[in-house]
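Data first, discussion second: the structure below is written as structure tokens.
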Amino acid sequence: METVDLLYQAEAQLGEGPAWEARAQRLYWVDILGKRVHLFQHGKEEFIQLDEMVGCLAPAKDGGLILALRNSFARLEPATGKLTRLLTLQDEPAGNRFNDGKCDPAGRFLAGTMDHDEKEACGSLYALDLRGNCRRLLSGLRISNGLAWSPDLRSFYFIDTPTRQVQVFDYDLESGKIANPRTAIRVPEALGWPDGMTSDLQGHLWIALWGGAQVTCWDPATGDLLRSVPVPALQCSSCVFGGPDMNELYITSARVGLDRATLARYPLSGSIFRLKTGVLGMPTYTFGG
């Protein structure tokens with residue numbers, strides 16, 4: 001049986017949104033409820049404390065990070081902690097916040113919102129380009145979550161967690177438009193809730209399963225489950241490929257909502273894990289291309 005390694009014990013309330021900066025060999029991720037941006041490099045972990053929730057981030061081509069905060073986009077300079085607000089959403093419901101997101105291969109930052117109380121289907125998926133233009137791609141979402149692209153960059157995969165489905169869209173890289181939605185994968189209830197997602201160079205999707213204590217690999221062409229690897233954290237939240245050879249899968253997790261008995265069973269909840277997959281992963285794209 002394949003096993004994951006504990007990269008480090010973090011005890012994050014809601015670890016999410018891992019991103020791998022290949023140039024610096026650095027892993028970024030966020031603790032949404034802890035209002036922190038975390039950095040892991042050369043075996044050392046650091047964090048930047050913010051004043052509001054941060055849903056996701058992406059490395060920028062010219063340095064720094066692009067963040068999706070509660071209801072706005074911002075730029076963060078990791079070296080100094082300087083935060084610069086770029087754009088605030090004007091028509092989002094007051095109870096919404098940003099959740100998962102990442103950059104597309106052309107350098108746009110895609111990030112989705114959700115009702116923080118997880119009751120209303122009032123979330124949207126947005127795309128922010130380098131010129132500061134923001135466009136809504138999807139609406140009526142419950143929990144906007146995992147995003148990924150196919151190796152040929154012509155397909156875009158997206159998860160709205162309560163649907164238990166991975167939707168696939170035709171993707172126009174030049175314009176950033178999506179079209180022709182259809183269901184690629186249906187995740188059985190017994191496995192958990194599909195959360196964050198990434199893809200490998202073989203075209204397979206790697207999905208973290210919230211409540212399932214596992215990370216899984218799927219063939220989106222057939223909808224078949226190919227691999228399932230147990231993780232010693234009940235609430236696996238997302239994953240990203242990284243490492244020197246881009247074959248290591250970094251997995252985030254969360255402690256939020258777990259009672260004492262569950263934490264006793266899964267004491268590493270909120271930690272960061274690593275799986276050596278034996279396959280090459282798609283890169284983390286940067287803001288600005």
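Every number in this text was worked out from the coordinates using simple rules, so none of it is lab data. Computed from a predicted structure; not experimentally measured. A quick note on method: Cβ atoms are made from the backbone with ideal geometry, for glycine too, and the neighbour counts reach across all protein chains shown.
Backbone phi angles across segment 48-54, fed through the Karplus curve with coefficients 6.51, -1.76 and 1.60 (θ = phi - 60°), yield HN-Hα couplings of 10, 7, 10, 9, 8, 4, 10 Hz in residue order; Gly and Pro are listed as x. Count Lys and Arg as plus one, Asp and Glu as minus one, and take only other residues whose Cβ is under 13 Å from that of Ala94; the net charge is then -3.
Take the Cα of Asp152, step 7 Å toward its Cβ, do the same at Glu118, and the gap between the two points is 3.7 nm.
About the centre of its Cα atoms, segment 5-276 shows a dipole size close to 220 debye [charges on the beta carbon of Lys, Arg (+1) and Asp, Glu (-1) only; nearest 20 debye]. In order along segment 207-222, phi translates into HN-Hα couplings of 10, 7, 10, 5, x, x, 6, 6, 10, 10, 10, 10, 9, x, 6, 10 Hz, rounded to whole numbers, per the Karplus curve 6.51 cos²θ - 1.76 cosθ + 1.60 with θ = phi - 60° and x for Gly and Pro. Label positions at Gln49 and Gln9, each projected 7 Å from the Cα along the C-beta direction, are separated by 2.2 nm. The amide H of Tyr171, built 1.01 Å from its N in the peptide plane, has Ser155, Phe156 as neighbours under 5 Å, considering only residues 5 or more places off or on other chains.
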